[in-house]
Amino acid sequence: MRIETKCLHEGYHPQNGEPRVLPIYQSTTYNYDSTEHIGQLFDLTAAGHMYSRISNPTVGAVEEKISALEGGIGALCTTSGQAASLISLLNIMKAGDHFISGSKVYGGTINLFAVTLKKFGIECTFVDQDASEEEIQQYFKPNTKALFGEVIANPAMTVLDIEKFANIAHRNQVPLIVDNTFATPILCRPIEFGADIVIHSTTKYMDGHAVQVGGVIVDSGNFDWSNGKFPEFTEPDQSYHGVIYTQNFGQAAYITKARVQLMRDFGTYPSANAAFLLNLGLETLPIRMERHCYNAEKVANHLNQSEKIEFVNYPALEGSPYYKLSKKYLPSGCSGVISFSIKGSREDAVKFIDSLNLASNVVHVADIRTLVLHPASSTHRQLTDQQLNAAGITPGLIRLSVGLESIDDIIEDIEQALAKI
Ligand SMILES: *Cc1c(COP(=O)(O)O)cnc(C)c1O
């Protein structure tokens, strides 16, 4: 199946007489014939749903679909993108460990990595992701356990050189974890370029309609967890009668451990209803992404020609420093998100935003409706000037998430707001 077909048909395969549309299995619990069978579930020697904090058939169908879209061997849905980032890392790290992240990542990710994980004893070093392999190599330490990056950074709109990051990670025997939220598997499948783990905030394009916060972790199945750096995968897990993840689950060691250990303990699993809504979004994802990219490219070109604009960040623009990387990793488009700066002060940027009529001023991005936001006074408000700079955010930066309205209406709205400054 091609990806458009997978969006409609993966994950749920109704048998004779069963509902055509994925049912909402609104049940916390599952019925078994014997105590012995339930005992086997707890020992992980039998497969099956036990309790909806760990798995559920509706969520499971969506996990299977997203895994197929990314080319993974398994996926785990979470209640938010933040929970996906957190679990993707805690699954392989503990207090005393260290990891490296590109500095062009989502503001919430920076808070999580720089402030909260630090309280757990896990240290993150942020690096210039455009630096050479040799330079990034210098930041690796014996306790470094992962390399992290964002395929298209929110809101800096930089493009990660995934193959470069994969090379560096693998040379150091650690996995590459990437956040593929803005690109979605429609525009980029990072596993094809060497990423080991892919995470998403499904709240964005995957849901697409701004109805449900969610996240997902996808496992490529390609990383060798028995290389000596990850004893938690090769030594018995006391909480499951001595299960050894690499031995019992082979290629699926990572994603199984994330579910049966961390999801069991943290309980950030989405409801069946949440997964049902996410599935509706996934069904139309390819056609939405195509139009988002088309509209955004028009808007980016339009803004680029305006005298009132200082710069436009959109990797598909020919003058963009990320143009070459975008052609390699995002050949069919760079999503609907653009960031740009208006000439003048921070106040001019705010005036422009407040003058828009069609575009909604909301704390959200990657929706079917055109949205606008001033990162420095909202999503990235907690960051210091230095962190803002590193994340590629100037005080006048505006994030515009181009929706599916008529391109003529979107451009007219921008024009009338520009005329007011
Ligand atoms: C929004 C976002 C997140 C966080 O996701 P939530 O679903 O809001 O928790 C992580 N990464 C990126 C790139 C995002 O845009």
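The values are calculated or read from the model by the stated rules, or taken from the named source; none is laboratory data. From a predicted model like this one, the values you see are computed outputs, not experimental measurements. Glycine gets a Cβ as well: all are built from the backbone with ideal geometry, and neighbour counts include every protein chain shown. Note: accessible area is taken over every heavy atom of the protein model, side chains too, but ligands, DNA and RNA are not part of it. Shrake-Rupley method; radii C 1.70, N 1.55, O 1.52, S 1.80 Å.
With helices as the sole contributors, the chain gives -9500 deg cm²/dmol at 222 nm; each DSSP H run of n ≥ 4 counts as -39500 (n - 2.57), and the sum is divided by every residue. Remark on E310: its backbone amide H falls under 5 Å from those of S341, I342, K343, a criterion applied only to residues 5 or more positions apart or on other chains, H modelled at 1.01 Å from N. Exposed loop positions in the chain were taken to be trypsin sites (Lys or Arg not before Pro) whose DSSP state is not H, G, I, E or B and which have at most 10 other beta-carbon atoms within 10 angstrom. Between these positions, the longest stretch is 21-421. Karplus couplings for the range 160-173 from phi (6.51 cos²θ - 1.76 cosθ + 1.60, θ = phi - 60°), rounded to Hz, Gly and Pro as x? After applying 6.51 cos²θ - 1.76 cosθ + 1.60, I find 7, 7, 4, 5, 4, 4, 5, 4, 5, 4, 6, 4, 9, 6 Hz. Length gained on full extension, N31 to Y294, computed as 0.36 nm times the residue gap minus the Cα-Cα distance: 89.8 nm.
Once Rh is set to the Kirkwood radius over Cα pairs, what Stokes-Einstein translational diffusion coefficient, in µm²/s, holds for the range 286-418 at a temperature of 20 °C and a viscosity of 1.002 mPa s?
On the way: Rh = 14.9 Å.
Approximately 143 µm²/s, per Stokes-Einstein.
Solvent-accessible area per residue for the range 286-418 at a 1.4 Å probe radius, Å²? Don't jump to the answer; show the numbers that get you there.
Details: 6030 Å² over 133 residues.
Accessible area per residue: 45 Å².
Which whole-angstrom value gives the distance between the alpha carbon centres of the range 261-307 and the range 109-167? For the range 261-307 versus the range 109-167, the Cα centre distance is 23 Å.
With all protein chains present, how much of the accessible area of the range 98-235 (probe radius 1.4 Å) comes from carbon and sulfur, to the nearest whole percent? Spell out each step's value before the answer.
Details: 2030 of 4270 Å².
With neighbouring chains kept in place, the figure for the range 98-235 is 48 percent.
The range 4-77 and the range 355-421 have their alpha-carbon centroids 38 Å apart.
What the phi angles of the range 345-352 give under the Karplus curve with 6.51, -1.76 and 1.60, with θ = phi - 60°, is a coupling list of 8, 4, 5, 4, 4, 5, 4, 4 Hz, glycine and proline written as x. Counting only residues at least eight positions apart within a chain, or on another chain, the lysines with an alpha carbon under 19 Å from that of K420 are K308, K343, K351.
May I ask for the Kirkwood hydrodynamic radius of the chain, worked out over all distinct Cα pairs and given in angstroms to one decimal?
Details: mean 1/r = 0.0451 Å⁻¹.
When all Cα pairs of the chain are included, the Kirkwood radius is 22.2 Å.
Less than 5 angstrom separates the built amide H of V337 from those of V402, all sequence-distant by 5 or more or on a different chain.
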